[in-house]
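Asker: My questions all concern the structure below.
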Amino acid sequence: MTATTSAPSASRAKPSFYVWMMVACAATAVLGFAPTYFLPMAQGAFRGSALVHIHGALFFAWTAFVIYQTSLVSSGRVAHHREVGLAGIALATTMTVLGIVVAIVAANRQIAAGFEQGAKAFLIVPPSVMIFFGVVVAFAIANVRRPEWHKRLLLVATVSLLEAPIARWFLVLLAPPGANPLAPPPVAVALMPGLISDVLIIAAMIYDWRTRGRPHPAYLIAGGALLVLQLVREPISATQAWGAIATWLTAIGG
């Protein structure tokens, strides 16, 4: 994954903003998963399969990876940035596939616990996020020689992953007493965490507005697509078409 600039002053100034944005993404992920993963792990109370731990490790590796990559560009080490970028392609591909697999496994566990309708409806959320992430990363790679597109697309892709950690706080604070931990949340619960994560994209657009006079099209296109995805998932999850897709997904993962 490559990002270069034509002016030395730009390479020193602008990428530093992206370093801080990636740090903000990483901090959001860590704080979001603290109540349901990190703290229970520290207390020895978390019980999860090896697949869950691998899934978590890969996703936190991504946040570290993008911080490192933006730092390399910020420090002018573009050649090393390009070399390391090859590992990012493999990491993003593995994350996309494994994220969908983990979602299907979780849905089958919820179905076995008696929550078939809710599980199949909520199954639209994690795979849609992972497919969006994978597609946007692919476009970022395709635009590797257009750094202004490349870095912004990677930021949008990373922000799209923050819906899950932010949602953990909603589930912790809003879950009714005695709720079954296997019960899937309603699809609508994912909307507000998604909109909160979008604030980072808005901040990046404001930065563009102040530094280049207008938001870059990458934010308008990819950010707009993310917003549309967040808004349409709930109505789509209630359709017969999605029900058929969810049944197929859970069957192949059963």
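Asker: Ignoring the sites themselves, what is the longest stretch of the chain with no trypsin sites (Lys or Arg not before Pro) in a DSSP loop and at most 15 other beta-carbon atoms within 10 Å?
Answerer: The longest such stretch corresponds to 146-254.
Asker: Evaluate the relative contact order of the stretch 132-254 (contact order divided by residue number), counting alpha-carbon pairs under 8 angstrom at least 6 apart; express in whole percent.
Answerer: Computed over the stretch 132-254, the figure is 25 percent.
Asker: Taking amide hydrogens as modeled 1.01 Å from N in the peptide plane, which residues meet the under 5 Å criterion relative to L123, leaving out close sequence neighbours?
Answerer: none
Asker: When ranked by the protection proxy of mean other Cβ atoms within 10 Å per residue, highest first, what sequence do the peptides 39-46, 158-165, 136-143 form?
Answerer: 158-165, 136-143, 39-46
Asker: At 1.4 Å probe size, with the rest of the protein present, what percent of the exposed accessible area of the stretch 196-254 is carbon and sulfur atoms?
Answerer: Answer for the stretch 196-254: carbon and sulfur cover 72 percent of the accessible area.
Asker: Which value results for Rg/Rh of the stretch 17-69 when Rg is the Cα radius of gyration and Rh the Kirkwood radius based on the inverse mean 1/r?
Answerer: Working: Rg = 12.4 Å, Rh = 11.9 Å.
For the stretch 17-69, the value is 1.04.
Asker: For Q240 and L31, FRET efficiency with R0 = 30 Å and r from the beta-carbon atoms, rounded to 0.05? If you can, show how the numbers build up before the last one.
Answerer: On the way: r = 39 Å, r/R0 = 1.29.
With a Förster radius of 30 Å, E is 0.20.
Asker: Relative to the compact-globule scaling 2.2 N^0.38 Å, provide the ratio for the alpha-carbon radius of gyration of the stretch 163-208. Provide the component values of the computation, followed by the final result.
Answerer: On the way: Rg = 13.6 Å, N = 46, 2.2 N^0.38 = 9.4 Å.
Normalised Rg, Cα atoms only: 1.44.
Asker: Over the chain, what relative contact order in percent results from Cα pairs under 8 Å that are six or more residues apart?
Answerer: Averaging sequence separation for qualifying contacts and normalising by length gives 25 percent for the chain.
Asker: What's the Cα-based Rg to Rh of the chain, Rh via Kirkwood?
Answerer: Using Cα coordinates only, the ratio equals 0.99.
Asker: Still on this model: Counting heavy atoms of the protein chains only and a 1.4 Å probe, report the per residue accessible area for the chain as a whole number of Å².
Answerer: On a per-residue basis, the chain sits at 50 Å².
Asker: Report the full-extension gain for the segment L231 to A64: residue separation times 0.36 nm, less the Cα-Cα distance, to one decimal in nm. List each step's numbers first, then the result.
Answerer: On the way: separation 167, 0.36 × 167 = 60.12 nm, distance 2.92 nm.
Length difference between fully extended and current span is 57.2 nm.
Asker: What percentage of the solvent-accessible surface of the stretch 54-139, computed with a 1.4 Å probe over protein heavy atoms, is contributed by carbon and sulfur atoms?
Answerer: Roughly 72 percent of what the probe reaches on the stretch 54-139 is carbon or sulfur.
Asker: Across every pair of different alpha-carbon atoms, what Kirkwood hydrodynamic radius in Å does the stretch 112-252 reach?
Answerer: 16.5 Å
Asker: Quick one: divide the alpha-carbon radius of gyration of the stretch 72-136 by 2.2 N^0.38 Å and tell me what you get.
Answerer: 1.61
Asker: Still on this structure, please answer the following. How many nm is it between the label spots at L220 and A24, if each spot is 7 Å from the Cα in line with the beta carbon?
Answerer: Once both label points are built, they end up 2.1 nm from each other.
The values are calculated or read from the model by the stated rules, or taken from the named source; none is laboratory data. Bear in mind the structure is a predicted one, so any value in this text is a computation, not a measurement. Cβ: placed from backbone, ideal geometry, glycine included. Neighbour counts: every protein chain shown. Keep in mind that these areas ignore ligands, DNA and RNA; they rest on the heavy atoms of the full protein, side chains included. Shrake-Rupley method; radii C 1.70, N 1.55, O 1.52, S 1.80 Å.
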